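First the structure, in the form of C-alpha cells, and then the observations on it.
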Amino acid sequence: MGKLITIKKTKGIEHLEFHVPSNPGVYLLVGANGSGKTTVLTALHRLCNANALRYGFKASQKTRLVDSFKDAGITYSTKGKSVTFAKREQRWSPTPKNNCSVLNDFGFSDSVFIKAADSRLSPREEEIKKGNIEPADDEVKNAMNMLFDTQRYDGLQRLKSVYGRGRAYIHFYVLGDSKQGYYSEKCFSTGSLAMLRLVEQLRHVAPGALILLDEAELALHPKVQLNLLQYLRDMAAKKNLTIFVSTHSPTMIRATDARNIMLIEKNPSKSGYYSIQTPCFPVYALGLIDEMGNSAPDAIFCVEDIMAKYILKELLDRYLEMDTQAKPQWRRLERRVIPIAGWKQTLEFMERSSTLIFAKSSYVRAILDHDVFDSSEKDANDKKRIWEPYATAKKAFDLGVTPELALITALDNAERDILEKVRSSFYVNYADFSASYKYTPKDNKPAIPRRIAKDKFRKLLDLIKSSTLKSEENIISQLVSLLFPLMYSEKDIRRFAKPIFGSLQ
C-alpha cells in the first residue's frame, strides 16, 4: 500500500510522481535549481495543512495570464483511494470531496514547513519591551551548543514580555548576564537565528509529524551543516518524525546514505516530466566527482552500488596479482571505483562525464552487474538495446556476478572454516540466521532468486550492524574480501578483469 503524490502542470512540472517513504527519518531532496523541490515540499505540506496550496502557489492578483494554475492538479493516493486538488478561483478544491480522508491515511500527525524566507532568517518585527529575563530551556541551550560546537549558549536567556491587548506573552532570546549586559536576538548572526527558530519549532512539534525544511544550509558553515544533519536525525528518532530537507549542500549530501537521498531528475526526452531517483549515491546526486579535489585518477570505474565497488576492487587487484604478464602500466594505474545508482543511471553518468574536466585526462568506464547482461532475464532484449552500444565501444563491461546473489550463494555454500570467520568477525551465526530467514514478497513481484538474495542480504547486514559498531561499508568490504574466492574462479577473474584493463589504451 504505497503513498503517492502525483503533481501535474504545476509551476514548471508537467508530471512528477513522488512516493512518500513509509519509514520515519531524514531524507534529502536534491536537484538542480528549478527542478521542483519547493513544489514537492508544498504538496507534502498539504497533507496536514489545509492552506498549504493556497499560500504556497500564489497566483497573480492582476491578470490570469501570469502565475496561472488553471490546469494544475495534485493527486494524493494510498490504500486504493485518491483525491485530486485543482485550482478553482482562490481555492484549491478536492475531487471527489468525500475522499479528503485520504490525506489522513498518509499517517502524519502534523506538518511544519520551515521556508527559506524572512520569517526564518530575520529577527522579529516587534520591539523588545520591558519584561522578566529568565533562563532559556535546557533543551534549546543544549541543541544550540551542539549545533555550533560551543558552550556559549549556556548563557542563553529569554525576555518574557507582555504584548498586545490580550496580554499574551512573547519571547525574545538574549545572550549575556546582568553584570556584563545582554544583547538580543536582533544582533544574532543569520545562521544562529535560523537554527534558533528551527530548534524552537522541533521542540514543540507533535510526535509523528512531517517536517519540511527548505534550503537547509543557508548561512551555515559546512561543519554546522553536518551537526544540523545529526541533530535532525536525533530528533527524527526521538519523536518519530519524517523530515524532508531540500538542499544543494555537497557536505550534507556526501554525509547521507543513498537510501535517504531523493534526486529530482528531468526527463531529457519529455519536456517538464520529472522522476525521483532513490536510492541515489552522493556522487550521482551532485552530478560531478568533486571529492577528487584537484587531481583526477587515471581511470574512473562507475558501478551500481557499494557492494559492486568492493567486488570490482578485489577483481582488479587479484587479476594483477595472478597475471605476471599484465602490462606494467596497468599496475601503475591510479584508479577510483565510484558507486552511482541503477545500471541505467550508471551508463548515463558515464556518458555525461565526458563534459567534465577530469574526463580529459581520465578513462571513464561503466562496470554493470551481471544481471544486466543475463539473456534469461525477462527484459533482457530491452536492456541489451541500451548497453550494447557502450559495450561495443568498450566503455561498458560485465562485472561477472550479481553482487547480492553471488555473496548469499557463497555464504550458503561456504565451508565451516569460512562461516567461523564470519562468526568471529561479525558475532553472527550465519547458519542460524539462514535457517530462520523467510522471504516476504513485496508489491506482488515474483520471488526470483535475485530479489530473495537482495532481501536476505539486507536483513543479514542489519543483523550484523546491530551486533557490531562497524559501518555498513566496512561490513561489505570485509564480507567481499572473505568470500571473493567463492564468487570467482581464476578463469572468471581473467575473463572479466582483462577486458576492462584492455580498454584503457
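The values are calculated or read from the model by the stated rules, or taken from the named source; none is laboratory data. As the structure is a computational prediction, the values presented were derived from the model and not from experiment. Note that we place each Cβ from the backbone using ideal geometry, even for glycine, and neighbour counts take in every protein chain shown. With ligands, DNA and RNA removed, areas are computed over all heavy atoms of the protein, side chains included. Shrake-Rupley method; radii C 1.70, N 1.55, O 1.52, S 1.80 Å.
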### Task
With θ set to phi - 60°, apply the Karplus curve 6.51 cos²θ - 1.76 cosθ + 1.60 along region 217-227 and write out the HN-Hα couplings as whole Hz, x wherever there is a Gly or Pro.
7, 3, 6, 10, 5, x, 5, 5, 4, 5, 4
### Using a Förster distance of 22 Å, the FRET efficiency for residue 54-residue 270 (Cβ separation, nearest 0.05)
0.15
### Message
Could you give each residue of region 387-402 its phi-based ³J(HN,Hα) in whole Hz, using Karplus coefficients 6.51, -1.76, 1.60 with θ = phi - 60°, and x for Gly or Pro?
### Response
7, 4, x, 6, 5, 4, 7, 6, 10, 10, 9, 8, 5, x, 9, 9
### Query
In nm, to one decimal, how far is the modelled label at residue 248 from the one at residue 23, with both set 7 Å along Cα→Cβ?
3.1 nm
#### Entry: Where Rh is the Kirkwood radius over Cα pairs, Rg/Rh for region 1-54
0.95
### Query
Can you tell which of 457, 419, 446 lies farthest toward the positive end of the dipole of region 376-505, using +1 and -1 charges on the Cβ of basic and acidic side chains (Lys, Arg; Asp, Glu)?
446
#### Entry: Cβ-based net charge around residue 503, under 14 Å, with every Lys or Arg adding one and every Asp or Glu removing one
+4
#### Entry: Fully extended contour minus Cα-Cα distance, from residue 375 to residue 505, at 0.36 nm per residue
43.9 nm
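For 248, 19, what's the largest-to-smallest order of accessible area, 1.4 Å probe? Show your work: numbers first, answer last.
Details: 248 70, 19 115 Å².
Sorted by accessible area, descending: 19, 248.
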#### Entry: For peptides 454-460, 421-427, 24-30, 306-312, sequence by mean Cβ density within 10 Å, most packed first
306-312, 24-30, 454-460, 421-427
### Query
So between residue 384 and residue 458, what do we pick up on full extension, going 0.36 nm a residue minus the alpha carbon distance?
23.8 nm
#### Entry: Gained length - residue 352 relative to residue 427, 0.36 nm times residue gap less alpha-carbon distance
22.7 nm
### Summary
In order over region 205-214: 3J(HN,Hα) from phi, Karplus 6.51/-1.76/1.60, θ = phi - 60°, whole Hz, x for each Gly or Pro, gives 5, 6, x, x, 7, 10, 10, 10, 10, 8
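So, R0 is 56 Å and r is the distance between the beta-carbons of residue 152 and residue 93; what FRET efficiency does that work out to, to 0.05? Working shown, then result.
Working: r = 51 Å, r/R0 = 0.90.
Computed FRET efficiency for residue 152 and residue 93: 0.65.
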### Summary
The set of residues whose placed amide H lies less than 5 Å from the amide H of residue 397, leaving out same-chain residues fewer than 5 positions away, is 366, 367, 368
### Message
Using 5 Å bins from zero, what percent of all Cα-Cα pairs in region 383-454 falls into each bin?
### Response
3, 13, 16, 17, 15, 13, 9, 8, 6, 0
### Task
Using R₀ = 45 Å, calculate the FRET efficiency as 1/(1 + (r/R₀)^6) where r is the Cβ-Cβ separation of residue 466 and residue 71; round to 0.05.
0.35
### Task
May I ask which of 344/384; 79/445; 81/438; 9/442; 141/470 have a Cα-Cα span longer than 22 Å here?
81/438; 9/442; 141/470
### Query
Using 7 Å Cα-to-Cβ label points, what is the residue 322/residue 233 separation (nm, one decimal)?
3.8 nm
#### Entry: Sequence of 370, 204 from largest to smallest accessible area, 1.4 Å probe
204, 370
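Within a Cβ distance under 9 Å of residue 86, other residues only, what is the Lys/Arg minus Asp/Glu net charge?
Details: positive: 70, 87, 88; negative: 71.
Within the 9 Å Cβ shell, the charges total +2.
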### Message
Counting only other residues whose beta carbon sits under 10 Å from that of residue 72, what net charge do I get with K and R as +1, D and E as -1?
### Response
+4
